[in-house]
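The values are calculated or read from the model by the stated rules, or taken from the named source; none is laboratory data. Keep in mind that this is a model prediction, so the values were computed, not measured. Because the Cβ atoms are built from the backbone with ideal geometry, glycine has one as well, and the counts that use them run over all protein chains shown. Heads up: the accessible areas ignore ligands, DNA and RNA and are worked out on the full protein's heavy atoms, side chains in. Shrake-Rupley method; radii C 1.70, N 1.55, O 1.52, S 1.80 Å.
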Amino acid sequence: MQKSSGILMPIFSLPNAYGIGTLGKAAYDFADFLSAAGQSYWQILPLGPTGYGDSPYQSFSTYAGNPYFIDFELLVQAGLISEADLATITWNKNATSIDYGGLYQEHKFLLQQAFQISKNVKNPKMEKFCSKEATWLDNYAFFMALKQHFAMQELVLWPKEIRLRQAEAMEYYQGLLKEEIAYEKFVQFLFAEQWSALKDYVHSLGIKIIGDLPIYVALDSADVWQEPTAFLLNEELLPTEVAGVPPDCFSATGQLWGNPLYAWAELAKNGYAWWISRLAKQQELFDIVRIDHFRGLASYWAVPNGAKTAENGAWKQGPGIALIKEIKAQLPGLQIIAEDLGLITEDVKEFLAESGYSGMKVLQFGLLPEEDSEHLPHNYGEKLVAYTGTHDNPPIMGWLESATVAERNFASSYFSCSQEEGQQWGIIKGMLASEAELIIIPIQDFLGLGLEARINLPATLGNWQWRLQEGVLTKILAKRIKKITQLYKRLG
């Protein structure tokens, strides 16, 4: 990979009048902005339907798309809903944040309208989609129909006979929920059509998309329900241990994610087919896949189920290079970025080196006056992807706001920052000047935004709400970004 750069911008943060970012006009406008700014990559966050805490890392499916991202204006153009339908909704007027509670009913009402109209027209494209994606789609649509039927209760609270997929119960509910299952398939078809069109447009501009794959899936997911033997669960589908990380810079008690852990010994018996399948889907959706918490494939933190914090867990051995060899053998064209952050031990470093994948560095972890950190740009090697911060960090100006005087002085001196230029610009230029093959800058950093624009604070709720304001991605800003991108020989 030649030296290049890109921007991190979640789909949900795009501006529009309908409460959340979608795959519509604002997404195409952002692609145009990337092109005008000379960028080579658009990095996004996971696209799956969000569950607990509205987190894209706690999804109901590792395959499905988020219905919230379906654009209603595109549905109007397709004749599936009307302008009058749109006008019946009182949308969230706060354009700076997302009201997920409000979205739940509003989106479903409009998508149901589209579904009813679609039933009057034979659609070979949808039939082809449902056939092609049947391996996961049939199960996902059934799972979501059941969740609606059981008032969105978690999988572990469903009646035992359907939770454990007993044949008689499966047949009964498939008949009872036939219409609801068809609706869920229709929604996934809409998402797939809109995503495919956007991806083609982004590619037409010479820009590639970096997707994000959570290492774990949610306990309350179609994935666990369909293939429970892939996970460490008891006979009631309850985990004995759950995922998390030990105490770190984000939380003194660690991060208790609560996801079920993988039954790696069981998965190894058939060549990690479950993992190969989900990665094949990611390869279809994206040009490059960032595997979140990649170090968990070397060794992972297992916390007893029921623990209140992640403090009293234990490290256990992951599949390591055996999984990577299967991935490379079965998906030879798949490009992967390995998120190797957190507590990185020698075995993780050796694992990353043997995998051949590019690791990550995050500038904010290196801005420590007393250390010559590997996260500082002068220490970057070529084969890595470097960020000012990720979705888990504050924007760089927010970091400066909350940093100590010594840390601020160090950052200003290291990057020769000036108030006249804007401190973030000195930092961004210092990143672009490094040897790293790829630099990704969150859009908030180019805009000089502070703590109000943070996307996620790990180990807390109330995140994933930040939205970009209309009109801030100007031609002047794109020209400025392109100029420094060209200066450091990273032009797309």
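To keep it simple, each residue is scored yes or no on (1) in contact (Cβ under 8 Å) with a residue 24 or more places away in the chain; (2) over 18 Å from residue 455 (Cα atoms).
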position	(1), (2)
24	yes, yes
33	yes, yes
46	yes, no
56	yes, no
94	no, no
104	no, yes
114	yes, yes
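List, please: which pairs have Cβ atoms under 8 Å, are six or more places apart or on different chains, and start with a residue in the stretch 477-488 that is under 14 Å from residue 443 (Cβ atoms) and end with one that is among the small types (Gly, Ala, Ser)? So the pair list comes out as 477/37; 478/36; 478/37; 481/37; 481/38.
Among the residues making up the stretch 148-194, a single one is assigned to a loop (DSSP other than H, G, I, E, B), farther than 22 Å from residue 234 by Cα and open to solvent by less than 20 Å² (accessible area, probe 1.4 Å): 177.
Scanning the stretch 273-298 for residues that are more than 19 Å from residue 342 (Cβ to Cβ), open to solvent by less than 10 Å² (accessible area, probe 1.4 Å), aliphatic (A, V, I, L, M) and assigned to a helix (DSSP H, G or I) yields a single hit, 279. Taken over the stretch 247-272, the criterion of being closer than 30 Å to residue 367 by Cβ and either assigned to a helix (DSSP H, G or I) or over 22 Å from the mean Cα position of the chain (by Cα) (or both) is satisfied by 247, 252, 253. Is it the case that some residue within the stretch 252-264 is in contact with a Lys or Arg (Cβ under 9 Å, 6 or more places away or on another chain), open to solvent by 30 Å² or more (accessible area, probe 1.4 Å) and closer than 28 Å to residue 162 by Cβ? No, the conditions are met nowhere in the stretch 252-264. Filtering 80, 75 for residues that are in a helix (DSSP H, G or I) and on the phi < 0 side of the Ramachandran plot leaves a single hit, 75.
When each of 143, 72 is tested for being hydrophobic (A, V, I, L, M, F, W, C), buried (at least 22 other Cβ atoms within 10 Å of the Cβ), out of contact with any strand residue (DSSP E or B) (no Cβ under 8 Å at 6 or more places or on another chain) and within 30 Å of residue 452 (Cβ to Cβ), the lone residue that passes is 72. Being closer than 23 Å to residue 44 by Cβ, part of a loop (DSSP other than H, G, I, E, B) and modelled with pLDDT of 95 or more holds for only one residue in 462, 398, 389, and it is 389.
Within the stretch 318-337, the residues that satisfy the criterion of being open to solvent by 40 Å² or more (accessible area, probe 1.4 Å) and assigned to a loop (DSSP other than H, G, I, E, B) are 332, 333.
Across the stretch 126-140, the qualifying residues are those that are hydroxyl-bearing (Ser, Thr, Tyr) and under 29 Å from residue 240 (Cβ atoms), and the one among them that is least open to solvent (accessible area, probe 1.4 Å) is 140.
Of the residues making up the stretch 371-399, those that are hydrophobic (A, V, I, L, M, F, W, C), over 15 Å from residue 290 (Cα atoms) and either open to solvent by 10 Å² or more (accessible area, probe 1.4 Å) or under 17 Å from the mean Cα position of the chain (by Cα) (or both) are 397, 399.
Scan the stretch 198-207 for residues that are crowded, with 16+ Cβ neighbours inside 10 Å and without any contact (Cβ under 8 Å) to a residue 40 or more places away in the chain and the total you get is 0. Applying a threshold of 9 Å to beta carbon distances and a minimum spacing of six or more residues, or different chains, the list of pairs starting in the stretch 331-344 at a residue that is farther than 13 Å from residue 249 by Cα and ending at one that is open to solvent by 50 Å² or more (accessible area, probe 1.4 Å) and of a type in the set (S, T, N, Q) reads 331/283; 333/283; 334/283; 335/283.
Listed here are the residues, each with its yes/no results for (1) in contact with a Ser or Thr (Cβ under 9 Å, 6 or more places away or on another chain); (2) crowded, with 22+ Cβ neighbours inside 10 Å; (3) under 12 Å from residue 37 (Cα atoms); (4) not basic (Lys, Arg).
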residue	(1), (2), (3), (4)
435	no, no, no, yes
439	yes, yes, no, yes
459	yes, no, no, yes
463	yes, no, no, yes
469	yes, no, no, yes
478	yes, no, yes, yes
483	no, no, yes, no
487	no, no, no, yes
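Considering only residues in the stretch 75-100 that are open to solvent by 60 Å² or more (accessible area, probe 1.4 Å) and of a type outside the set (A, V, I, L, M, F, W, C), the one that is nearest to residue 50 (Cα to Cα) turns out to be 99.
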